[in-house]
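Here's the structure we're looking at; comments come further down.
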Amino acid sequence: MERRTVFAIRRACRSTLTSSAKPLIRSIHSSTRGSANQHPNANQNPSQSPSAYALRMQSLLNTTSRRPNHSSSLTVPLHQPWPWQEIPSSSQDSVILQRTLFARPPDFAPPLLLFAAGIWGLFVFAWLVLPEPPRKELSEEDKIIIRENERKTKEANVLSRLGLGFTNALFSSAQPLIYGLVTLGLVSMMIASTKIITRINMIQIKPRDSTDTGKTVLRMTNVGHEMIPWRSNKMREVKVEDCKVYIPNLNNPQTIRLKVRKEGKPDKWSLDRFPYSLDYRAIPETSRTDKEIVQSVNRLEHVFGPLKMGE
């Protein structure tokens, strides 16, 4: 009788513990804090884990890929207010409104690039204009050395002759070759700098006493415009419908391309064949700038539609 009583007590204790542990286990598995703190890349190496910006761009692309084909016509809602600001107008009958779509100052001073190109141009001009120094007369020892070199060249095989001919041609044309390569490099840098956008403003022009939205255009400023500080027209005006934005590849998600196509077709004889670059990297902490910085992907998608990868 006593043994039966002990077994009954033990069985009752086990059932009580099991029933009290189930809600605790269920509450642990349903905890939102534990699931929120668990990062999908927690088991990866920290040095190999992508940045927050790359994860954000990847999520944007995944969201875009799940949308239907007509998603480019959809308007992405704004996450924050983006008001228009009135700017002075040359006409009293019209109102000009402006708001900043993108703004990021370059990492270098554009006038310095123009200054370096100007200094190098002076060197090239002096090299072309100045006469060559007079050649000195050859002495008897020099003539003997020249004849000996010519004899060795005739007695050498075909490969040696080709090698000597290439060496002589390289040394004789070394100076113009260096000038040409450096000039080509500077010109390429200056042309490429005109495809780096530093600012995009949306401009809306409408009649003063009218409720119409009026005409909306984009005014873009690039590094080439900022090379000349005293230049009055430091922008390019394009239509919104002529522009298209995309991410070239996920290896460099911090650069967004902007393609300008007039009436949907690229111009063969214009630099519009090459896209503009919008730098969405963070400004270094060491750089000190008092210029406006606007790097909002949401504004970009609100104007041009959802971002996609590839042209």
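The values are calculated or read from the model by the stated rules, or taken from the named source; none is laboratory data. As the structure is a computational prediction, the values presented were derived from the model and not from experiment. Neighbour counts run over all protein chains shown; Cβ positions are idealised from the backbone, glycine included.
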Inset, instruction - Can you tell me which residue among LEU159, LEU186, LEU177 is part of a helix (DSSP H, G or I) and in contact (Cβ under 8 Å) with a residue 40 or more places away in the chain? - result: LEU186
Inset, instruction - For SER193, state whether it is exposed (fewer than 11 other Cβ atoms within 10 Å of the Cβ), of a type in the set (Gly, Ala, Ser) and under 30 Å from the mean Cα position of the chain (by Cα). - result: no
Inset, instruction - Among the candidates SER173, SER210, single out the residue that is out of contact with any strand residue (DSSP E or B) (no Cβ under 8 Å at 6 or more places or on another chain), farther than 30 Å from HIS302 by Cβ and among the small types (Gly, Ala, Ser). - result: SER173
Inset, instruction - Inspect all residues belonging to the stretch 111-126 and state whether any of them is hydrophobic (A, V, I, L, M, F, W, C) and touching a Phe, Trp or Tyr at 6+ places or on another chain (Cβ under 6 Å). - result: yes
Inset, instruction - Would you please name the residue that is farthest from ALA282 (Cα to Cα), looking only at residues in the stretch 241-258 that are assigned to a strand (DSSP E or B) and not basic (Lys, Arg)? - result: CYS243
Legend entry - When residues of the stretch 249-258 are limited to those that are at pLDDT 85 or above and out of contact with any helix residue (DSSP H, G or I) (no Cβ under 8 Å at 6 or more places or on another chain), the one surrounded by the fewest Cβ atoms within 10 Å (Cβ to Cβ): THR255
Inset, instruction - Return a yes/no flag: does the stretch 222-235 have any residue that is touching a residue at least 24 places away in the same chain (Cβ under 8 Å), among the basic types (Lys, Arg) and either in contact with a helix residue (DSSP H, G or I) (Cβ under 6 Å, 6 or more places away or on another chain) or not in a loop (DSSP other than H, G, I, E, B) (or both). - result: no
Inset, instruction - Please tell me if SER210 is modelled with pLDDT under 90, polar (S, T, N, Q) and in the same structural domain as ILE293 (by TED's automatic domain parsing). - result: yes
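Looking at LYS268, is it without any contact (Cβ under 8 Å) to a residue 60 or more places away in the chain, surrounded by fewer than 17 Cβ atoms within 10 Å (Cβ to Cβ) and either within 21 Å of SER91 (Cβ to Cβ) or β-branched (Val, Ile, Thr) (or both)? Reasoning before the result, please.
Values: without any contact (Cβ under 8 Å) to a residue 60 or more places away in the chain: yes; surrounded by fewer than 17 Cβ atoms within 10 Å (Cβ to Cβ): yes; either within 21 Å of SER91 (Cβ to Cβ) or β-branched (Val, Ile, Thr) (or both): no.
No: the conditions fail for LYS268.
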Inset, instruction - Answer with yes or no whether LYS152 is surrounded by 10 or more Cβ atoms within 10 Å (Cβ to Cβ) and free of Cβ contacts under 8 Å to residues at least 12 places away in the same chain. - result: yes
Inset, instruction - Go through the residues of the stretch 125-143 one by one and say whether even a single one is polar (S, T, N, Q) and not in a loop (DSSP other than H, G, I, E, B). - result: no
